[in-house]
Structures are given as structure tokens and as C-alpha cells.
Amino acid sequence: MSRSFDGGLDARHLRVAVVASRFNETISRQLLDGSSDCLRRHGIAEENLSVVWVPGAFELPATAMRLASSNEFDAIVCVGAVIRGETPHFDFVAGHATSGIGRVALTTGIPVTCGVLTTDTVAQAAERAGGKMGNKGFEAAQAAIEMANLFAALPKPAPEL
């Protein structure tokens, strides 16, 4: 008989941290509001929701790693916005943030979701932070809930030798 695993969207028992980038704060705050709204709608207790502000998107992975390594959180949501300018700085920051966030999840085994927008314009970012394209912070929090529940249901990793 086959087994099926599903994460579900019940956050009542979860401990979640949302790490938000202060750079492009207007957009980041909307993404944070979306994440917090999602977590509350799915039942997270206020004492189990932590918000951590960092200077910019570049600092998201290191902070997520610190939080994931603490064993105090079931999932971590990273939010922020990297908006293209006239220099290649965008490429370096966006690449570091997104690959670093993924690496934290793989390294620690804690679900870490990426609600970091990488857009060409502020208008595009606004559309994805509560505008006509939805709120990617809400979506990242929803994925974090599902992944935390899924990881809890999956077989535990074998101990390292």
C-alpha cells in the first residue's frame, strides 16, 4: 500500500520567524504584513510568531541560518525586495539572497521560504506586495506552514554516523 504525505495549513502549533529586509522598507513592510496575516489566519499563536528586521536582502540568509540553527523555530519566512538599478549590484544581491535562503533550508532541514521580490521597478514590486499580483509574503508564509507540517509528518532523517 502506498503512503501519501501532505503538509496542511494549520499553524496553531507552529513557531515561525519572519525575517524582513529594511531596504525598500515600504515594500518589505507590505510583504511582512502579508506573511503575518497568513500566519494569523491559519491559527499561529502570537507568542509563536517572531519578526526580525535586517538591513537588507543580503543579510537574510545569515539571519535565517542563525534562527534555523537555534532549534526554536519550525519554519522561517524571508521577505524583502531587490529592485534593479543601473549597476550589476542587483544581480549580486538578488543571487546571494535567493541562493543563500535555499542553502539554509538544505543545510538545516528547517523549512525556509523565499518571499524576496526581484523586480525591475518599484511598481512591479508593489504589484507583488499586495497589488494586482497578490502578496508574495502571504504566499511565502503559506508555503512555510505547509512545509513545516509536511516535515513533521515525513520520516525523520537517519542519524549521521
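The values are calculated or read from the model by the stated rules, or taken from the named source; none is laboratory data. What you see is a predicted model, and the numbers here were worked out from it, not measured in a lab. Neighbour counts are summed over all protein chains in view; Cβ atoms, including those assigned to glycine, are modelled from backbone coordinates with ideal geometry. Accessible surface is based on the protein model in full, side chains and every heavy atom, while ligands, DNA and RNA are left aside. Shrake-Rupley method; radii C 1.70, N 1.55, O 1.52, S 1.80 Å.
Of all residues in the stretch 89-115, those being within 18 Å of Gln30 (Cα to Cα) and open to solvent by 20 Å² or more (accessible area, probe 1.4 Å) number 1.
Every residue in the stretch 127-142 that is open to solvent by 40 Å² or more (accessible area, probe 1.4 Å) and touching a residue at least 12 places away in the same chain (Cβ under 8 Å), please. Within the stretch 127-142, Gly130, Lys136, Phe138, Glu139, Gln142 meet the criteria.
Residues of the stretch 35-45 that are open to solvent by less than 70 Å² (accessible area, probe 1.4 Å) and either at pLDDT below 95 or of a type outside the set (Val, Ile, Thr) (or both): Ser35, Ser36, Asp37, Cys38, Leu39, His42, Gly43, Ala45. Ala148 - would you say it is crowded, with 20+ Cβ neighbours inside 10 Å, of a type in the set (A, V, I, L, M, F, W, C), closer than 17 Å to His13 by Cα and in contact with a helix residue (DSSP H, G or I) (Cβ under 6 Å, 6 or more places away or on another chain)? No, not satisfied.
Assess whether Gly137 counts as being part of a helix (DSSP H, G or I) and in contact with an Asp or Glu (Cβ under 8 Å, 6 or more places away or on another chain). In short, yes.
Candidates are the residues of the stretch 112-161 that are under 13 Å from the mean Cα position of the chain (by Cα) and among the polar types (S, T, N, Q); the one that is nearest to Ala64 (Cα to Cα) is Thr113. Select, from Leu49, Leu60, Leu32, the only residue that is surrounded by 24 or more Cβ atoms within 10 Å (Cβ to Cβ), farther than 14 Å from Gly100 by Cα and under 15 Å from the mean Cα position of the chain (by Cα). Exactly one residue qualifies, and that residue is Leu32.
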